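The values are calculated or read from the model by the stated rules, or taken from the named source; none is laboratory data. Everything quoted here is computed from the prediction, not taken from an experiment. Every residue, glycine as well, gets a Cβ built from its backbone with ideal geometry; the counts of neighbours run over all protein chains shown.
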Amino acid sequence: MAEHIELAGDVRTEFGKGAARQLRREHKIPASVYAHGKQPLFLELPMRETSNALRHTNAIFELAFGGEKHLAVVKDVQKNPVKRIIEHIDFYEVKAGDKIEVEVPVFIEGETKGNGVAFIIVQTLRVLGDVSELPEEFTLSVEGKQAGDEILAKDIELPKGAKLVDIDEDTAVVSVQIPEGEEEPAAAAAASDDAASDDKTDAAK
């Protein structure tokens with residue numbers, strides 16, 4: 001499941017590019033918290049702790065600032081393309097029991113049989129689930145699978161109450177295939193036997 005991370009910050013009272021640059025010089029990140037039907041809240045967060053926390057996909061953040069705590073998920077992260085530092089974060093406030101849609105990356109583990117190589121066909125899956133049960137990633141086992149085997153969307157174990165969206169249940173998420181230019185060991189052996197038989201026939205002539 002996704003991480004539950006606590007971050008302590010301060011209310012942000014100064015705005016604009018100049019104020020944002022000053023915050024970054026102080027190793028802080030300007031951020032906003034949005035909620036449906038409410039005015040956005042503005043805060044500043046410690047740069048190092050926040051940058052480390054953002055390495056976790058679909059984490060739930062408990063933001064403490066202004067004497068209050070707000071449960072939120074990341075909506076958008078703006079980064080400087082040159083300096084590779086975070087310039088601003090938008091959060092979306094949630095409550096326990098809320099269901100939201102998130103993108104979950106797909107990874108594989110294990111060894112396939114023969115010359116088969118596992119390919120991830122669908123790199124990310126969109127999941128609708130409870131904010132407290134959001135998966136950080138899907139790691140699918142290809143142990144012992146061989147060419148022609150597939151892992152379909154319907155084969156993936158989901159958190160309780162969650163479901164995949166925007167994908168047919170029979171869509172192949174992972175497929176084990178023989179790389180172009182290679183053959184299955186059995187096919188290669190058969191081809192070798194045929195070649196040897198042809199050589200014997202030619203020699204008899």
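So here's what we get for this one:
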| quantity | calculated |
| --- | --- |
| Among residues of the stretch 138-184, those that are of a type outside the set (Val, Ile, Thr) and under 20 Å from Glu111 (Cβ atoms), counted | 19 |
| Members of the stretch 69-98 found to be within 18 Å of the chain's Cα centre (by Cα) and basic (Lys, Arg), listed by number | Lys75 |
| Strands (runs of 3 or more DSSP E) contained entirely in the stretch 106-202, each with at least 2 residues that are among the aliphatic types (A, V, I, L, M), surrounded by 12 or more Cβ atoms within 10 Å (Cβ to Cβ) and modelled with pLDDT of 90 or more | 117-120, 124-130, 150-152, 172-177 |
| Condition check for Thr50: out of contact with any Phe, Trp or Tyr (no Cβ under 7 Å at 6 or more places or on another chain) and assigned to a helix (DSSP H, G or I) | yes |
| Boolean, Glu103 is in contact with a Phe, Trp or Tyr (Cβ under 9 Å, 6 or more places away or on another chain) and either charged (D, E, K, R) or in the same structural domain as Gly9 (by TED's automatic domain parsing) (or both) | no |
| Looking only at the stretch 44-61, and only at residues there that are hydrophobic (A, V, I, L, M, F, W, C) and more than 18 Å from the chain's Cα centre (by Cα), the one that is surrounded by the fewest Cβ atoms within 10 Å (Cβ to Cβ) | Met47 |
| Filtered residue count, the stretch 1-34, keeping only those that are modelled with pLDDT of 90 or more and either closer than 27 Å to Asp130 by Cβ or touching a His at 6+ places or on another chain (Cβ under 8 Å) (or both) | 11 |
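For (1) surrounded by fewer than 16 Cβ atoms within 10 Å (Cβ to Cβ); (2) under 24 Å from Val104 (Cα atoms); (3) touching a residue at least 12 places away in the same chain (Cβ under 8 Å), each residue gets a yes or a no:
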residue	(1), (2), (3)
Gly18	yes, no, no
Leu23	no, no, yes
Ser32	no, yes, yes
Gln39	yes, no, no
Leu63	no, yes, yes
Val74	no, yes, yes
